[in-house]
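I have placed the structure first, in the form of structure tokens, so that the comments after it can refer back to it.
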Amino acid sequence: MGARFARIRPIDVDHARAALPRAFGRSWGERLLRNALLALAAAYLGYLLWTFDFSPARLYEGLVSPNGLFVIAAQMVSWHGMADWQYGEIFTALGQTVAMAFIGTLIASLVAIPLGFLGARNIVPIGFLRFGFRRLFDGLRGVDQLIWALVFVRAVGLGPLAGILAICVSDIGSLSKLYAEAIETAEKKQIEGVRSTGASTLAVLRFGVLPQAIPLFLSQALYFFESNTRSATILGIVGAGGIGLQISERIKILAWDQVAFILILVLAVVALIDTLSKWLRLKLIGREAARG
């Protein structure tokens, strides 16, 4: 073994390096380029931190100042005058939030069903038409719900209607895309079986595609209802009704104990809806799919 390695000459190593440069690591030029890119990225990150005044001193001040996070947290866990809290307004607004999420998700899921068929490759063979619907879906879901809420608050005024419309428009884009993908995964055998009976196109969709897609439709709608319950809380802060408006009003008067109480209620409602949603999805599409 030693004699075999002893016969390897420096010129042999040079030839091997020329033939297989990657086996000997990166070249000096590649290492220089990598180090230059890393240095540039570090410099850009430092510039951003400096621009945004992201400094330890400011973070420390945000924690310990009279209006800092530690003081806010202490006020959140110290509840006073609970007998005078406006529980009726709080629970009414919480019910509005859940109703906004439910109505918005319901309308969006119903509108998304025909749009999903129009965006499915196995239903609409015309490429440019399908492409147009797909881009419509991208446009609707590409704008955040908060932006839609600001638009509809301006259009229809303050209140839950603006929140419902914001949830509905945003979810139409997202659910239509998901529904189209679910329709595209439908098994061809069942579709061909219905078609072989001489059924019309609508009958094929009704009896060949829908029975396969409906469980997925319902599962996705349930998930969006759960998600929209959280989103509706934020929408209320910009005037779209619901519990978010109650949170915003109490933050303005520094009633952090009431803010904490409302947040606990929101978390409890979201957890309850999440549990029910998972149970229903388990019944609809099975254990493994519900986990995914």
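The values are calculated or read from the model by the stated rules, or taken from the named source; none is laboratory data. If you're wondering where the values come from, they're calculated on a predicted model, not measured in any experiment. Glycine also receives a Cβ, built like all others from the backbone with ideal geometry; neighbour counts cover every protein chain displayed.
With respect to the conditions (1) modelled with pLDDT under 85; (2) over 24 Å from residue 237 (Cα atoms), residue 82 lacks only one, and its number is (2). Screening residue 258 on (1) farther than 30 Å from residue 116 by Cα; (2) touching a Lys or Arg at 6+ places or on another chain (Cβ under 7 Å); (3) surrounded by fewer than 21 Cβ atoms within 10 Å (Cβ to Cβ); (4) not aliphatic (A, V, I, L, M) shows it passes everything except condition (3). Those helices (runs of 4 or more DSSP H) of region 202-292 in which at least 2 residues are aliphatic (A, V, I, L, M) and closer than 22 Å to residue 109 by Cα, considering only elements entirely within it, cover 210-237, 256-285, 287-291.
Each residue in region 82-114 was checked for being surrounded by 13 or more Cβ atoms within 10 Å (Cβ to Cβ) and either within 23 Å of residue 220 (Cα to Cα) or under 18 Å from the mean Cα position of the chain (by Cα) (or both), and 19 pass.
Of everything in region 156-168 that is of a type in the set (Val, Ile, Thr) and surrounded by 21 or more Cβ atoms within 10 Å (Cβ to Cβ), the residue that is farthest from residue 230 (Cα to Cα) is 164. Scan region 145-155 and give yes if some residue there is farther than 30 Å from residue 67 by Cβ and buried (at least 20 other Cβ atoms within 10 Å of the Cβ), otherwise no. Yes - at least one qualifying residue is present in region 145-155. Among the residues of region 58-79, those that are loosely packed, with under 11 Cβ neighbours inside 10 Å and touching a residue at least 40 places away in the same chain (Cβ under 8 Å) comprise 77, 78.
Which residues, taken from region 26-57, are surrounded by 11 or more Cβ atoms within 10 Å (Cβ to Cβ) and charged (D, E, K, R)? Correct list: 26, 30, 31, 34.
Of all residues in region 246-278, exactly one satisfies the criterion of being under 18 Å from residue 234 (Cβ atoms) and hydroxyl-bearing (Ser, Thr, Tyr), namely 248.
Looking only at region 249-270, decide whether some residue is in the same structural domain as residue 157 (by the TED database), under 21 Å from the mean Cα position of the chain (by Cα) and under 27 Å from residue 181 (Cβ atoms). Looking through region 249-270, at least one residue is in the same structural domain as residue 157 (by the TED database), under 21 Å from the mean Cα position of the chain (by Cα) and under 27 Å from residue 181 (Cβ atoms).
If you go through region 154-180 and keep only what is of a type outside the set (Gly, Ala, Ser) and either within 13 Å of residue 241 (Cα to Cα) or without any contact (Cβ under 8 Å) to a residue 24 or more places away in the chain (or both), you end up with 154, 156, 158, 160, 161, 164, 165, 167. Taken as a whole, region 107-115 holds no residue that is over 30 Å from residue 272 (Cα atoms), modelled with pLDDT of 85 or more and among the hydroxyl-bearing types (Ser, Thr, Tyr).
Just one residue in the set 249, 184, 192 is modelled with pLDDT under 75 and either surrounded by fewer than 21 Cβ atoms within 10 Å (Cβ to Cβ) or aliphatic (A, V, I, L, M) (or both); that residue is 192.
The condition of being under 26 Å from residue 247 (Cβ atoms), under 30 Å from the mean Cα position of the chain (by Cα) and not assigned by the TED database to the domain that holds residue 264 holds for only one of 48, 63, that being 63.
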